[in-house]
Amino acid sequence: MRWEEGTEFADAILHRALEKGDFSTLDRALFMELFYGVIRFQRSLDFLIGKLREEEPDVRTQQALRLGIYQLLQTRIPQHAAVNETVNTAGRSRALVNAVLRRYLREEKELRKSLEGAPVGVRLSHPEVLVTRWTRQFGASDTATLCEWNNRPADILVRVNELKVSAGELMRAGGAEPVETHPLMLKMERLPIPWIVSGLCYVQDPSTLMACEMLAPQPGERVLDACAAPGGKTSYLAQLMKNEGQIVACDVSAERLARMRENLDRLSVSNVEVKKADWLQAPPQEEENFDRILLDAPCSNTGVIRRRVDVRWRLRGDDFTRMPGVQMELIKNLAGLLKPGGALVYSTCSMEPEENDEVVRRVALEAPGLQFRNAQRTLPFRDNVDGAFAALFTRN
């Protein structure tokens with residue numbers, strides 16, 4: 001209900017709920033599965049509820065029905081337990097929720113068949129605005145594959161922190177296997193809490209390393225990470241620089257900066273100065289002396305919907321026209337901080353052309369001091385990693 005009626009992202013709501021509750025490991029996993037699952041499959045669940053009840057129920061009853069049908073549709077929870085426990089949460093709607101869920105059980109075969117024959121946006125629970133634009137961009141088959149990818153929980157992947165340990169040492173410790181897409185990435189059987197706490201690794205997708213490697217910072221250089229929190233890319237830049245030189249890591253949120261400081265300390269990163277900065281509000285006060293700048297820009301996040309399960313429902317059609325203006329303003333404000341001959345990498349976790357290729361084209365017109373060099377992108381249905389984009393510019 002908090003997610004449905006508010007504007008918070010699911011991750012923030014879940015994090016606070018787990019902090020307040022005293023959950024066993026199994027209950028924590030179940031909580032996450034049900035919360036994320038109901039959000040992820042919301043459109044499919046509502047389709048099935050519509051088949052079972054002509055009148056639209058009130059919001060709280062709708063949430064109870066989503067919760068019950070999700071368990072019956074997508075989990076191995078025993079049917080009687082799913083029904084009884086859901087009915088117990090339904091308050092004054094107990095009788096209605098009980099009747100609808102039991103009707104679902106009676107008609108489950110026909111309902112599943114009906115869902116399988118529904119349009120891709122309903123069957124795979126994505127909004128039409130995304131299905132339409134992806135079909136136009138990628139074609140129907142790749143769009144369906146992309147939607148299926150977004151509905152699968154992400155593998156647990158970690159980047160080895162070579163400031164402390166080698167990939168070989170972690171492999172020999174057991175519980176990890178190499179990832180073909182990058183030599184520093186390991187796939188874990190379960191979240192390696194002791195390794196994370198001691199800073200031996202950092203949980204991130206291989207696609208996030210692309211922009212850092214394109215920037216190619218060298219030991220001894222001065223680097224700006226303009227939108228840095230929570231610090232995954234910052235810490236990898238420090239690793240590439242062998243903790244030598246200086247990284248100025250900025251973000252607009254004090255809360256996110258505090259989290260980044262904790263992450264960097266845990267990872268033994270020692271060459272980073274953390275600063276609060278809003279590059280949209282005022283001309284930068286820094287001197288023009290950065291060798292390299294990473295701008296991991298705010299974006300629509302359409303490449304990481306698998307990890308940020310509610311992004312699909314929070315996006316609006318005008319986001320794809322609004323975000324490029326913000327992204328372009330950031331580029332223009334930061335370009336003057338580069339030394340002549342310096343490099344700037346613009347990156348997003350979006351797959352949308354308005355935020356990627358179109359922004360690159362706009363740079364030539366609106367920031368003529370920057371020279372485009374090359375661009376790379378990852379696509380989940382092609383590369384088996386999250387979607388991302390990175391473009392390299394140098395200052396004339």
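The values are calculated or read from the model by the stated rules, or taken from the named source; none is laboratory data. This one's a predicted model, so the numbers in the text were calculated from it and none came from an experiment. Backbone-built Cβ (ideal geometry, glycine too); neighbour counts: all protein chains shown. Surface accessibility is based on the protein's heavy atoms, side chains included, excluding ligands, DNA and RNA. Shrake-Rupley method; radii C 1.70, N 1.55, O 1.52, S 1.80 Å.
Odds and ends about this structure:
- 3 or more residues under 21 Å from the mean Cα position of the chain (by Cα): qualifying helices (runs of 4 or more DSSP H) within segment 105-171: 128-138, 140-150
Conditions tested, residue by residue: (1) within 18 Å of residue 185 (Cβ to Cβ); (2) outside any loop (DSSP other than H, G, I, E, B); (3) charged (D, E, K, R); (4) without any contact (Cβ under 8 Å) to a residue 40 or more places away in the chain.
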position	(1), (2), (3), (4)
199	yes, no, no, no
209	yes, yes, no, no
219	no, no, no, yes
223	no, yes, no, no
229	no, no, no, yes
237	yes, yes, no, no
247	no, yes, no, yes
256	no, yes, yes, yes
262	no, yes, yes, yes
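- Condition met for residue 224 (surrounded by 18 or more Cβ atoms within 10 Å (Cβ to Cβ) and in contact with a Phe, Trp or Tyr (Cβ under 6 Å, 6 or more places away or on another chain)): yes
- Test set (1) in a loop (DSSP other than H, G, I, E, B); (2) in contact (Cβ under 8 Å) with a residue 12 or more places away in the chain; (3) not hydrophobic (A, V, I, L, M, F, W, C) - residue 70 fails condition number: (1)
- Sole residue being closer than 19 Å to residue 229 by Cα, open to solvent by less than 20 Å² (accessible area, probe 1.4 Å) and modelled with pLDDT of 95 or more, chosen from 270, 300: 300
- When residues in segment 17-51 are screened for being without any contact (Cβ under 8 Å) to a residue 24 or more places away in the chain and either in a loop (DSSP other than H, G, I, E, B) or within 18 Å of the chain's Cα centre (by Cα) (or both), 5 of them pass.
Let's see how each residue does on (1) surrounded by 13 or more Cβ atoms within 10 Å (Cβ to Cβ); (2) touching a residue at least 12 places away in the same chain (Cβ under 8 Å); (3) closer than 20 Å to residue 303 by Cβ:
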residue	(1), (2), (3)
176	yes, yes, no
180	no, no, yes
186	yes, yes, no
189	no, yes, no
192	yes, yes, no
215	yes, yes, yes
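- For segment 378-396, the candidate set comprises residues that are out of contact with any Pro (no Cβ under 6 Å at 6 or more places or on another chain) and in a loop (DSSP other than H, G, I, E, B); within that set, the residue that is surrounded by the most Cβ atoms within 10 Å (Cβ to Cβ) is 386.
- The residues of segment 194-213 that are farther than 23 Å from residue 293 by Cβ and open to solvent by 20 Å² or more (accessible area, probe 1.4 Å), listed by number, are 194, 195, 196, 197, 198, 200, 203.
- Residue within segment 350-359 that is open to solvent by 30 Å² or more (accessible area, probe 1.4 Å) and closer than 15 Å to residue 214 by Cβ present: no
- Residue match in segment 15-29 (condition: closer than 27 Å to residue 123 by Cβ, surrounded by 14 or more Cβ atoms within 10 Å (Cβ to Cβ) and hydrophobic (A, V, I, L, M, F, W, C)): no
- Residues within segment 235-264 that are among the aliphatic types (A, V, I, L, M), under 23 Å from residue 210 (Cα atoms) and open to solvent by 10 Å² or more (accessible area, probe 1.4 Å), tallied: 1
- Residue in segment 87-97 that is within 28 Å of residue 128 (Cβ to Cβ) and surrounded by fewer than 16 Cβ atoms within 10 Å (Cβ to Cβ) present: no
- Yes/no for residue 191 being within 28 Å of residue 382 (Cβ to Cβ) and assigned to a loop (DSSP other than H, G, I, E, B): yes
- Of the candidates 356, 374, 384, the single residue that is more than 18 Å from the chain's Cα centre (by Cα) and not basic (Lys, Arg) is 374.
- Test: residue 375 is assigned to a strand (DSSP E or B), touching a Leu at 6+ places or on another chain (Cβ under 9 Å) and buried (at least 18 other Cβ atoms within 10 Å of the Cβ): no
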